[in-house]
Amino acid sequence: MLSVLSYGRLVARAVIGGLSQTDSRDYSLVSASFGFGKDFRKGILKKGMCYGDDACFIARHRSADVLGVADGVGGWRDYGVDPSQFSGTLMRTCERLVKEGRFVPSSPVGILTTSYYELLQNKVPLLGSSTACIVVLDRQSHQLHTANLGDSGFLVVRGGEVVHRSDEQQHYFNTPFQLSIAPPEAEGSILSDSPEAADSSSFDVQLGDIILTATDGLFDNMPDYMILQELKKLKNTNYESIQQTAKSIAEQAHVLAYDPNYMSPFAQFACDNGLNVRGGKPDDITVLLSIVAEYTD
């Protein structure tokens with residue numbers, strides 16, 4: 001047992017040497033995005049951070065860094081509705097709320113809820129549906145707060161291993177939870193979930209943690225082990241390196257999506273549900289890649 005004097009000396013050395021268990025530094029995210037629209041063979045970023053019918057945003061406020069991805073439901077195209085309008089407007093609204101400081105870092109579902117209800121009250125009718133995933137890093141508490149509705153999602157990687165992963169929300173096979181706005185005559189017949197139904201989580205992060213946020217176009221075509229192989233190539237925490245790795249991941253998923261002989265995670269899931277499916281799943285792909293770093297102005 002240490003004497004009181006010995007314990008005091010150890011504490012003093014720890015404080016003087018900067019070895020205190022409390023990290024007083026603020027954290028931040030260094031983030032980059034890359035993606036593909038399903039109908040394009042090259043990565044094309046449409047106006048408003050949209051890849052095809054997918055949309056995303058990266059926003060900073062004095063208290064937090066916030067990321068979001070959304071996947072517009074393509075079935076609306078059969079009714080003459082551009083699916084990217086709903087997902088894009090939802091993400092732009094989330095981004096604006098963050099930049100205006102109208103959010104609580106510990107409640108990403110609050111960002112999603114406020115944005116969705118703004119869309120409902122829009123004087124110009126906006127029709128469509130979308131999944132959504134919001135990730136918030138609280139700079140001072142070093143906590144990551146998440147809200148995921150549907151089958152977009154996130155991974156947190158530390159030391160080459162997945163330490164946190166979002167859970168998909170599916171009503172049934174290939175029918176994820178989604179936010180929707182339907183015309184009055186179709187209300188009740190269009191699948192629509194409450195933003196409060198999003199799966200929420202909070203946990204501590206560490207400097208150097210990698211956070212990958214993406215739509216299902218990535219996760220349906222690349223299993224975790226393939227994603228981890230690509231992340232091992234990330235050697236630097238600068239923007240250029242992160243951007244290149246996000247591009248590499250999206251490009252590999254895009255190639256696999258069009259491989260008819262590949263047993264993709266989506267095909268495996270289909271087989272588990274009694275369907276004889278093989279190959280990749282052609283889809284829009286959006287990848288946001290972030291590293292937890294020390295905050296600098």
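The values are calculated or read from the model by the stated rules, or taken from the named source; none is laboratory data. All values reported here derive from a predicted model rather than from experimental measurement. Note that we place each Cβ from the backbone using ideal geometry, even for glycine, and neighbour counts take in every protein chain shown. For accessibility, only protein heavy atoms count, side chains too; no ligands or nucleic acids. Shrake-Rupley method; radii C 1.70, N 1.55, O 1.52, S 1.80 Å.
If the condition is being surrounded by 13 or more Cβ atoms within 10 Å (Cβ to Cβ) and either under 15 Å from the mean Cα position of the chain (by Cα) or free of Cβ contacts under 8 Å to residues at least 24 places away in the same chain (or both), then the range 179-193 contributes no residue at all. Looking at 187, 161, 168, just one residue is modelled with pLDDT under 95 and of a type outside the set (Lys, Arg), and that residue is 187.
Scanning the range 100-134 for residues that are in contact with a His (Cβ under 7 Å, 6 or more places away or on another chain) and under 21 Å from residue 54 (Cα atoms) yields a total of 1.
Counted as qualifying within the range 148-219 are the strands (runs of 3 or more DSSP E) with 2 or more residues that are more than 22 Å from residue 114 (Cβ to Cβ), namely 153-158, 161-165, 170-172, 199-204, 210-214.
Of all residues in the range 157-182, those satisfying the criterion of being among the hydrophobic types (A, V, I, L, M, F, W, C) and touching a strand residue (DSSP E or B) at 6+ places or on another chain (Cβ under 9 Å) are 157, 162, 163, 177, 179, 181, 182. With respect to (1) surrounded by fewer than 20 Cβ atoms within 10 Å (Cβ to Cβ); (2) within 17 Å of residue 64 (Cβ to Cβ); (3) touching a Phe, Trp or Tyr at 6+ places or on another chain (Cβ under 8 Å), the lone exception for residue 141 is condition (3). Applying the selection to the range 273-297, what residues are on the phi < 0 side of the Ramachandran plot and part of a strand (DSSP E or B)? Across the range 273-297, the qualifying residues are 285, 286, 287, 288, 289, 290, 291, 292, 293, 294.
Within the range 75-125, restricting attention to residues that are part of a helix (DSSP H, G or I) and of a type in the set (Val, Ile, Thr), the residue that is farthest from residue 147 (Cα to Cα) is 89.
Per-residue answers, yes or no, for (1) open to solvent by 80 Å² or more (accessible area, probe 1.4 Å); (2) part of a helix (DSSP H, G or I); (3) modelled with pLDDT of 95 or more:
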{"position": "229", "(1), (2), (3)": "yes, yes, yes"}
{"position": "245", "(1), (2), (3)": "no, yes, yes"}
{"position": "248", "(1), (2), (3)": "no, yes, yes"}
{"position": "253", "(1), (2), (3)": "no, yes, yes"}
{"position": "256", "(1), (2), (3)": "no, yes, yes"}
{"position": "261", "(1), (2), (3)": "yes, no, yes"}
{"position": "268", "(1), (2), (3)": "yes, yes, yes"}
{"position": "271", "(1), (2), (3)": "no, yes, yes"}
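Considering only the range 8-28, I want to know if a residue exists there that is modelled with pLDDT of 95 or more, of a type in the set (Ser, Thr, Tyr) and under 23 Å from the mean Cα position of the chain (by Cα). Yes, the range 8-28 contains at least one residue that is modelled with pLDDT of 95 or more, of a type in the set (Ser, Thr, Tyr) and under 23 Å from the mean Cα position of the chain (by Cα).
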